[in-house]
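> Here it is, the structure, as structure tokens.
The values are calculated or read from the model by the stated rules, or taken from the named source; none is laboratory data. Since we're looking at a predicted model, the values are computed, not measured. When we count neighbours, we look across all protein chains shown, and the Cβ atoms used for this are built from the backbone with ideal geometry, even at glycine.
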Amino acid sequence: MNSAITKYPLFLVLLPIFFILHGFSQYFPEIHLSTAGFLILKYILATIILLLICWPIFKDFIKTSLAVFSLLSINLFWGTLLDLIKTNSGIPFISRYIFILPFTFAIIIVVFIYLKKTKAPLKKITLYLNLLFLILLLIDLSSIMLNRTENKRLKTASLNRQMPVCDSCNKPDIYLIVADEYAGKSELKDLFDYDNPSFEIALKERNFHFIDSSNSNYNATVYSMASILNMDYLNNLRSTKINYNDMLACYNLIRENNLTGFLKKNNYSIHNFSFYDLESKEKLVTNHYFPNEEEVLTFRTFLNRLQRDLGFHLFTKKKIEKILRHNMYNNIKTDSLFRQFLKTKKSKPVFAYTHLDMPHHSYYKKSNGELIPVEMLTDEFTMDKSAYIEYLKYTNTKLLELIDEIKANSTYPPIIVLMSDHGFRQLEKTVDKKYNFMSLTAVSMPDSNYTGLYNGMSSVNIFRNILNTQFKQQLPLLKDSTIFLTE
């Protein structure tokens, strides 16, 4: 064994394993083992390709391995090192790409020249790197095992035992429509000086009951949706600052949630038209605001950082516009496939969740459907209140069309829940934080039984009320409160 540690460059395999395992440990238990395993294999394959490319330069296995190690290390740890330099150097220039890129390439050239010319034995550095990464791997494995026993995972209450199957209930179709960042009535009035009466009247004509002064419980989408679908607050948040650990945990809570678990027991089929996985139904579209597990593990690498920070300089104008309008295309695809689904024949009751990224910025359209110029789709315009109101008016039209489509294709009157995940959040720091939570909530029940709905009801209680009144459950309503999360 000692001979192998000294003789063979085990560090070439240990390096990518350590990198992924360290991320797996950092975000454990929210990262799936299959994701980590796939990335390890991906990086080992890349290592083999780099070995084949570099071999003709050195024609020595150890030298070639050290050259590849230097390339891999720069790629894997680039973002971490760059962030450290930005935070601690006190000299902004040395963390700018105009300096750091040439400097990095110069280091690579120096390392390659040294390895090419040196006659020195390289057993000591091979031994050092092998031992270093073996020790680091043991530390991360210990951390994973320790975290398994601590059991501090973000969670909600499991309500399955409290919710018996209702064999005598009518079981209408249920549609959840989420309009992302749709501000509540008070926020529109106070901050935008805008009344929304025509939309409210149109919904009331369609048998909707408005919940005045409704609030989301969280001011961030993934947290809010995890709470809504589980009908509970999120316990064991790591921080009130939005972080990847809690976000990944919320993804898992959305995937397997109390609401769809109950409905499945009651013979409902689940249909997903959102950017989250739901039960066995994979997300319909990808939203750049919500990174997946692989992106969380690799976002600090050189290639990913370079694409994020400098990619726009390499793209054509057409490509840039496509990126900026990505969520608009998501909305079009979601709307189209949802409408197609509505026209299909259904053999059993359905629960369908659709999530439209509107009127959330970017504000793609004016009230009449006219496209906003691509120049106005950047972050500079997120606080443009007039553009938001124009897009909100357009959103109203699309929501009413969708509701009419649901009703036209329903044999029996369905339950329709129209809500926003939070209020308009693009606010100056001096604005009261309460406005982040002021949301839209309107419910249509087949029997017009709106017992228990009250002004100021928050999102966490909406489906508790629906299951109580429509499915004979006895879920207690929770205290309405808000949790402010910082970016």
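> Please indicate, with yes or no, whether at least one residue in the range 451-468 is farther than 20 Å from VAL178 by Cα and surrounded by 16 or more Cβ atoms within 10 Å (Cβ to Cβ).
yes
> Can you pull out every residue in the range 192-231 that is in a loop (DSSP other than H, G, I, E, B) and within 25 Å of ASP432 (Cα to Cα)?
Hits for the range 192-231 are ASP193, TYR194, ASP195, ASN196, ILE211, ASP212, SER213, SER214, SER216, ASN217, ASN219, ALA220.
> Give me the residue from the range 262-288 that is small (Gly, Ala, Ser) and part of a loop (DSSP other than H, G, I, E, B) and, out of that set, surrounded by the fewest Cβ atoms within 10 Å (Cβ to Cβ). Steps first, answer last, please.
At the first step, the residues of the range 262-288 found to be small (Gly, Ala, Ser) are 269, 274, 280.
Filter again for part of a loop (DSSP other than H, G, I, E, B), leaving 274, 280.
Details: SER274: 24, SER280: 9.
Among them, the one singled out is SER280.
> Would you mind telling me which numbered condition in (1) more than 30 Å from TYR27 (Cβ to Cβ); (2) part of a helix (DSSP H, G or I); (3) aliphatic (A, V, I, L, M) LEU50 fails?
For LEU50, the exception is condition (1).
> Of the residues that sit in the range 97-122 and are loosely packed, with under 12 Cβ neighbours inside 10 Å and among the charged types (D, E, K, R), which one is farthest from HIS313 (Cα to Cα)?
If we take residues in the range 97-122 being loosely packed, with under 12 Cβ neighbours inside 10 Å and among the charged types (D, E, K, R), then LYS119 is farthest from HIS313 (Cα to Cα).
> Can you give me the number of residues within the range 340-382 that are out of contact with any strand residue (DSSP E or B) (no Cβ under 7 Å at 6 or more places or on another chain) and more than 19 Å from ASP180 (Cα to Cα)?
Total meeting the criteria: 15.
> Still on this model: With the checklist (1) surrounded by 15 or more Cβ atoms within 10 Å (Cβ to Cβ); (2) out of contact with any Cys (no Cβ under 9 Å at 6 or more places or on another chain) in hand, flag the one item VAL222 doesn't pass.
With respect to (1) surrounded by 15 or more Cβ atoms within 10 Å (Cβ to Cβ); (2) out of contact with any Cys (no Cβ under 9 Å at 6 or more places or on another chain), VAL222 is out only on (2).
Matching residues to (1) acidic (Asp, Glu); (2) closer than 24 Å to ALA226 by Cβ; (3) at pLDDT below 90; (4) out of contact with any helix residue (DSSP H, G or I) (no Cβ under 9 Å at 6 or more places or on another chain):
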{"site": "SER274", "(1), (2), (3), (4)": "no, yes, no, no"}
{"site": "GLU293", "(1), (2), (3), (4)": "yes, yes, no, no"}
{"site": "LEU314", "(1), (2), (3), (4)": "no, no, yes, no"}
{"site": "LYS317", "(1), (2), (3), (4)": "no, no, yes, no"}
{"site": "LYS322", "(1), (2), (3), (4)": "no, no, yes, no"}
{"site": "MET328", "(1), (2), (3), (4)": "no, no, no, yes"}
{"site": "THR334", "(1), (2), (3), (4)": "no, yes, no, yes"}
{"site": "LYS348", "(1), (2), (3), (4)": "no, no, no, yes"}
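> Then there is this: Name every residue in the range 232-261 that is under 21 Å from THR354 (Cα atoms), out of contact with any Asp or Glu (no Cβ under 9 Å at 6 or more places or on another chain) and either not in a helix (DSSP H, G or I) or not assigned by TED's automatic domain parsing to the domain that holds TYR454 (or both), in order of residue number.
Residue satisfying the conditions is ASP232 alone.
> For LYS42, indicate whether it is surrounded by fewer than 15 Cβ atoms within 10 Å (Cβ to Cβ), assigned by TED's automatic domain parsing to the domain that holds ILE139 and in contact with a Lys or Arg (Cβ under 8 Å, 6 or more places away or on another chain).
no
> Turning to a different aspect of this structure: Please determine whether any residue of the range 82-99 is closer than 25 Å to ASN147 by Cβ and basic (Lys, Arg).
No, the range 82-99 contains no residue that is closer than 25 Å to ASN147 by Cβ and basic (Lys, Arg).
> Take PHE351 and tell me if it is in contact (Cβ under 8 Å) with a residue 12 or more places away in the chain and part of a strand (DSSP E or B).
Considered against the rule, which asks whether it is in contact (Cβ under 8 Å) with a residue 12 or more places away in the chain and part of a strand (DSSP E or B), PHE351 comes out as yes.
> Specify the residue that is farthest from LEU303 (Cα to Cα); the eligible residues are those in the range 45-99 that are in contact with a Lys or Arg (Cβ under 8 Å, 6 or more places away or on another chain) and of a type in the set (Gly, Ala, Ser).
Only one residue tops the list, namely SER95.
> Any chance the range 97-120 includes a residue that's modelled with pLDDT of 90 or more, under 30 Å from TYR412 (Cα atoms) and part of a loop (DSSP other than H, G, I, E, B)?
No: zero hits.
> Can you give me the number of residues within the range 363-389 that are under 25 Å from the mean Cα position of the chain (by Cα), assigned to a loop (DSSP other than H, G, I, E, B) and farther than 18 Å from PHE192 by Cβ?
3
> Among the residues of the range 402-414, is there at least one that is in contact with a Cys (Cβ under 6 Å, 6 or more places away or on another chain) and either within 21 Å of LYS264 (Cα to Cα) or among the basic types (Lys, Arg) (or both)? Let's see the steps before the verdict.
Looking only at the range 402-414, we keep the residues that are in contact with a Cys (Cβ under 6 Å, 6 or more places away or on another chain), and these are none.
Within the range 402-414 (the criterion being in contact with a Cys (Cβ under 6 Å, 6 or more places away or on another chain) and either within 21 Å of LYS264 (Cα to Cα) or among the basic types (Lys, Arg) (or both)), the answer is no, since none of the residues qualifies.
> Do we find a residue being in contact (Cβ under 8 Å) with a residue 40 or more places away in the chain, outside the structural domain of PHE24 (by TED's automatic domain parsing), farther than 28 Å from GLY23 by Cα and not in a helix (DSSP H, G or I) anywhere in the range 148-159?
yes
> So, one more: Could you tell me whether ILE94 is at pLDDT below 90, closer than 19 Å to PHE77 by Cα and part of a helix (DSSP H, G or I)?
So ILE94 passes the test.
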